[in-house]
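Presented below is the structure to which this report refers.
Rule-based calculations on the coordinates, nothing more; no lab input. Nothing here was measured: the structure is a model prediction, and the numbers come from that model. Note: ideal-geometry Cβ built from the backbone for every residue, glycine included; neighbour counts use all protein chains shown.
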Amino acid sequence: MFTFDEAETMASLAGRMAVVTGAGSGIGRAIVLEMAARGAAVAAVDIDLAAARETAADAEAAGGRARAYGADVSVASAIDAAVDAAIADLGPLDIMVNNAGILDGYFDVDEMDEKTWRRVIDIDLTGVFLGCKRAVREMLPRGQGRIVNISSTAGLNGTGGGAAYIAAKHGVVGLTRQMAVVYGARGLNVNCVCPGAVPTGIRKHSQAMLGPDIPDISQRGVAVNDEQVRALVPMQRRGRAEDIANAVCFLAGAEADYVNGHTLVVDGGWRAK
Ligand code: NAP
C-alpha cells in the first residue's frame, strides 16, 4: 500500500512542458491549473488571449509556471506560432492537449447550414489535427511525447450534439487511434478523453463563435437542466472540469506509460447505459 504523499509523487508532471488549447475557460482552464499544480510548465493557448492570460495568471498565483498565447486552433500558422513561442519561453514540448472546441447548436443535417458545419469541423476536428501535426513535428525527433485529445461522449454515440459536433468528435477518436497505431513505435502515446456533461461556458461561447445567424442554442439538446441530467447520468450529476483535468493528467503522466490509443470516458456512467 502506498501513502498519500507517494501517490501525489506518482501523479507529478514536474519538469514537463505542456501546451493546452482552449485554455481560457471551462475544461481547458482546469487542465492548465491542474497540470501547473503538478509541476508542469504550461502554455495556455486560447482564441481569447485575455482569457488565456487570466488562466495563466491564476496558475502562477497558485505557485505554478504558466504563460499565455493567443491562437485560433483552426489556423495552422496561428497554432504553429503559439507552440513556437511556448517552446522558446518554456522549453521542449512534452505534452500537447488539444481541447479547444465549440458546440454546433444541436442541428440535424436538414437544419444545419454549410457555414455552421464547416466552422464546427474546422475547430473541433481540423483544429485537433493541426495541434497534433505541430506536436508530432516536435515530438518525433525527440522520440517521446504525450498527446491528449478532447473528444466527447458525442464522439462515441449518436447523441450529445448535432450532426457536425458528433461527426467532429467521432473524427477525433479516429484520428487519435490512427496516430496511436503509427506513432506508438516512435515513443509517442496518443489518447483521448470523452467528457460527459460538464457545466462550462460552451453554449454561450459557441453561440458567439457561430455568429448571429443561428437561432438561440441555450436550451437545445440534452442535459440542459438538472432533471434531464439526473435522468441521463447514473451518478445523477454533471461532471466537474477538474474531473476531466485529472483524467488528462493521468494520460499525460508516468502512470499511463503503456496506455496508447485509449478513449477514456469520464461521464458519471452516462455511456454505460
Ligand atoms: P468552453 O468553456 O467554451 O471553453 C472552450 C475554450 O476554447 C474557450 O475559451 C473558447 O474561447 C476556446 N476556443 C473556442 N474556439 C477556439 C478556437 N478556434 N481556437 C482557440 N480557442 C478556441 O468549453 P468547454 O466545455 O470547456 O469545452 C472544452 C472541450 O471539451 C471542447 O472540445 C468540448 O467539445 C469538450 N467537451 C465539453 C463538454 C461539456 O459538457 N462542457 C462535454 C464533452 C466535451 P471563447 O470563449 O473565446 O469562445
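Structure summary
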| read-out | value |
| --- | --- |
| Cβ-based net charge around Arg53, under 13 Å, with every Lys or Arg adding one and every Asp or Glu removing one | -3 |
| Gln144 paired with Asp89, simple spin-label distance in nm, labels 7 Å along Cα-to-beta-carbon | 2.4 |
| Cα-Cα separations in the stretch 131-197 greater than 20 Å, expressed as whole percent | 31 |
| For the stretch 95-105, 3J(HN,Hα) per residue [Karplus equation, 6.51 cos²θ - 1.76 cosθ + 1.60, θ = phi - 60°, Hz, x = Gly/Pro] | 9, 10, 10, 8, 10, 4, x, 9, 7, 10, x |
| Difference of contour (0.36 nm per residue) and Cα-Cα distance, Glu227 to Val109 | 39.7 nm |
| Linear extension gain, Glu255 paired with Asp216, 0.36 nm per residue minus alpha-carbon span | 9.7 nm |
| Highest-first arrangement of 151-158, 19-26, 234-241, where packing means the average Cβ count within 10 Å | 19-26, 151-158, 234-241 |
| Within straight-line cross-link reach of Lys115, lysines at Cα separation under 21 Å, skipping those fewer than 8 residues along the same chain | Lys169, Lys204 |
| Helix-only [θ]222 nm of the chain, DSSP H runs n ≥ 4, -39500 (n - 2.57) each, per residue, nearest 500 | -13500 deg cm²/dmol |
| Charge tally in the Cβ shell below 12 Å around Ala100, where Lys, Arg are +1 and Asp, Glu are -1, Ala100 excluded | -4 |
| Under 14 Å, Cβ to Cβ, from Arg16 - net charge with Lys/Arg +1 and Asp/Glu -1 | -1 |
| Inter-part distance where the stretch 121-155 and the stretch 40-98 are each reduced to a Cα centre, Å | 15 |
| Karplus (6.51, -1.76, 1.60) ³J(HN,Hα), θ = phi - 60°, over the stretch 160-165, in Hz, Gly and Pro reported as x | x, x, x, 4, 5, 5 |
| Cα-based helix-to-principal-axis angle, 127-142 vs the chain, degrees rounded to 10 | 20 |
